[in-house]
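All remarks here apply to the structure that follows.
The values are calculated or read from the model by the stated rules, or taken from the named source; none is laboratory data. Please read these numbers as outputs of a predicted model, since none were measured by experiment. Methodologically, a virtual Cβ is constructed for each residue, glycine included, from the backbone with ideal geometry; neighbour enumeration extends over all protein chains shown.
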Amino acid sequence: MKRWLVASYRLRIIFRGVFLLLALATLALALSLLQQEKQLSYNSYQSNFNKTVSQISATLRHPAGQLALLNPPLNQDTASLHPLLLPFSALDFDDQSKVQQAIAMSGCLVQYGNDGSLCVGIGNNPWAGGFIYVAGSFNSPSLVSHVRGQVLDQQAHRIKVSVALRGQHYQWFAPFEEETGVRSNGLIGIKGRWLGFWESDIGKQNGRPVRDFRGWAWQKSVCNDAKLDGKDLNCERNTFFSLRLPIAVLQEALFEKKRPIWPPQDLEQIQVELTVLGPDSETPLLDSKSVPSATPFSLNDLNALLLPGESLILRKSSEKREVIRLLGKVEQEEESWNLLTRLIRRLPVDEFSSPLEAKELISTPLDNYELEMRGDVRSVSKSLSVVATRVSWFVGAMLLALLLAWLLIEISIIRRISLLTKRAAELSRTMKGAGELDQLDVSDLRSPDELGVLASGLHDLLRRVKEDVERETIRTEQEKQMWHAVGHEIMSPLQSLMVLHPSADDQSHRYINRMQQAIKVLYGHATPSEAFQSTVLQIGELDLNLFLRYVAENAPHAGIVDVEYEHQYRPIVVKADEYSLEDVVTHILKNADRYRPHGTAIRISVEVSEANVAIHIHNRGPAIENDMLDKIFEYGVSDQRLEATDEHRGQGLFVAQTYMAKMGGTIIARNCIDGVEFVLSLPRPI
């Protein structure tokens, strides 16, 4: 039963299974691609992480990085401009190229738009003296020099610089004084020094410059505007300058202890202000109080190199103190599905669970710094989930297309096939007559497609079958009425013959009884097979020995000669109907007579057992084909040579088997060495 149910749903199971496999294959393909992308993303992230570590380490080992390490970011802006601890012991302020190279490498310059730049710092060697170095550049026409010996006034280019620290305030006024004998034909440029005076000496005629104050200026000979070069001698040119400011407070602090504290602990509190003014003008050419456009490189700038989730920690080795902690900025990303993110994190990837961590040691002139950087592989899953979220719409579209295709086929084809199959099966299970063929209603399944044509063809076929069944029913009824008429017409003469042969000892009386019984069997039935199968026999006890001797003696009267019976000398009682058993034996004898060679006998013998009695009827002649030994007892099966005649309808052996079954016996045919033998088995009375 289970196999039948599976077979009936096999096509639908296969069809739906194919679509299910397609959907699973699509999901498996998407997961496989996600896993591969995750592996590639992880490998790429690991490579970028190592590159980032190398880049940060190289940056911190560069003078600009050294400057950032020596000057950690301020927690709050306590001064507009304060000195930076330079990665050099001191600046060679007298040499333009060395100063420019030093401040360019260290990156300490603060840019003020296109007007100029400024670098303020101190050396990392305390024994170089308590000086503050200031270097920078500004744009101006040809520098106007102060005439030595004249009153300090505003007729020359000048610098105003002030330093405030520890309650002290230092202010200098430094006019430019050109160095004679340097400029030649106006091509080399202007070189001179800044003479540093205390601001209180302004307006005095023979003021003395501060001894340790040093300053130089170098102005290019080339105009900033190339179009004016050589045409306008008063065009704006770039001027580079450097200053060394003596700070008495710092110098005195160096000699208070055997091991001076350097850099000063209040380095961040030192305020420096510088202004460059032109002749007879209060408009500054360079003002440190202006808003800078670019500041020196800071450790906070390393944050731009970190990916989201990555962390960078810098510690001072001597103090084990954390200098700065940076965390990669998490930018606002596109929305992703949390479920998809969790799915990506669960996808297995080689070495994905191992944390990414790197450590480096950075040496500076004052101390060593430990760099510790940690990666965050979760960012890979998160960034990949954003991409996967966009791609998932395509996967969803593919699955939706599969679903729509399945629904379309399911509704338009499979559902109609299921309905047609269900209705046909229901009709096959419940149909008992031709009138029920109309129950198969396929009007809703008709359409121009193949299935509709099939439904229409099935409907037309059933209609024709119904018409054929109705015609067969009419024909059967007519045959039945004909049998009634034939039986009625034959029974009347037989009744008259019974009157003429009333004696039971008369052989004619016996054959008339058999004829009446045959008419009664067939009377009122549409077909002979139905008549024989519905016959009710009168079974009683019968002496088989006397019966077979009588059949053998009277066989010549039926046209069958040379029938020999091995007579038994004792009664053999069986349960049978005498007339029906005589019909059975007669049918077998007629078949034997038809196939035996001329002049040979038909032998009848009896084999008695405890429960049954077997009648053996043997004749010489051709053997029966093995595959026909069972089929010869079927209704309508006869020798092919005799099928065309009306005398042989394949009915005799069918009647024999039917009567034997009703009497509780059996009949078989088997081939012998010299012929064929039929064996009839009848039960004995209990």
(Q) Any residue that is modelled with pLDDT of 85 or more, touching a helix residue (DSSP H, G or I) at 6+ places or on another chain (Cβ under 8 Å) and within 30 Å of Val323 (Cβ to Cβ) - is there at least one of those in region 18-41? (A) no
(Q) Step by step: first the residues of region 97-110, then only those that are touching a Leu at 6+ places or on another chain (Cβ under 9 Å) and free of Cβ contacts under 8 Å to residues at least 40 places away in the same chain, then the one that is surrounded by the most Cβ atoms within 10 Å (Cβ to Cβ). Which residue is that? (A) Ile103
Q. What are the residues in region 117-147 that are of a type in the set (A, V, I, L, M, F, W, C), closer than 23 Å to Lys220 by Cβ and in contact with a helix residue (DSSP H, G or I) (Cβ under 9 Å, 6 or more places away or on another chain), if any?
A. Cys119, Ala135
**Q.** Entirely in region 82-146, the strands (runs of 3 or more DSSP E) that have 2 or more residues that are closer than 19 Å to Phe213 by Cα and of a type outside the set (Ser, Thr, Tyr)
**A.** 116-122, 131-140
Q: Within region 596-637, track down each residue that is of a type outside the set (Val, Ile, Thr), outside any loop (DSSP other than H, G, I, E, B) and farther than 18 Å from Gln657 by Cβ.
A: Arg603, Ser605, Glu607, His618, Asn619, Arg620, Asn626
Q: Could you please give the count of residues in region 249-301 that are farther than 24 Å from Ala174 by Cα and small (Gly, Ala, Ser)?
A: 4
Q. Can you tell me which of Arg374, Arg390 is of a type outside the set (Phe, Trp, Tyr), more than 30 Å from Leu22 (Cα to Cα) and either surrounded by 17 or more Cβ atoms within 10 Å (Cβ to Cβ) or modelled with pLDDT of 70 or more (or both)?
A. Arg374
Q.
Suppose we filter region 119-147 for residues that are free of Cβ contacts under 8 Å to residues at least 60 places away in the same chain and within 18 Å of Gly278 (Cα to Cα); how many remain?
A. 3
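Can you name every residue in region 214-249 that is assigned to a strand (DSSP E or B) and hydrophobic (A, V, I, L, M, F, W, C)?
Trp216, Ala217, Trp218, Phe240, Phe241, Leu243, Leu245
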(Q) Being surrounded by fewer than 18 Cβ atoms within 10 Å (Cβ to Cβ), within 60 Å of the chain's Cα centre (by Cα) and in contact (Cβ under 8 Å) with a residue 40 or more places away in the chain: is that true of Gly113 here? (A) yes
(Q) Here are the criteria: (1) modelled with pLDDT of 90 or more; (2) surrounded by fewer than 17 Cβ atoms within 10 Å (Cβ to Cβ); (3) in contact with a helix residue (DSSP H, G or I) (Cβ under 9 Å, 6 or more places away or on another chain). Tell me which single one Thr600 does not satisfy. (A) (3)
**Q.** Checklist (1) assigned to a helix (DSSP H, G or I); (2) modelled with pLDDT of 70 or more applied to Pro448, failing item
**A.** (1)
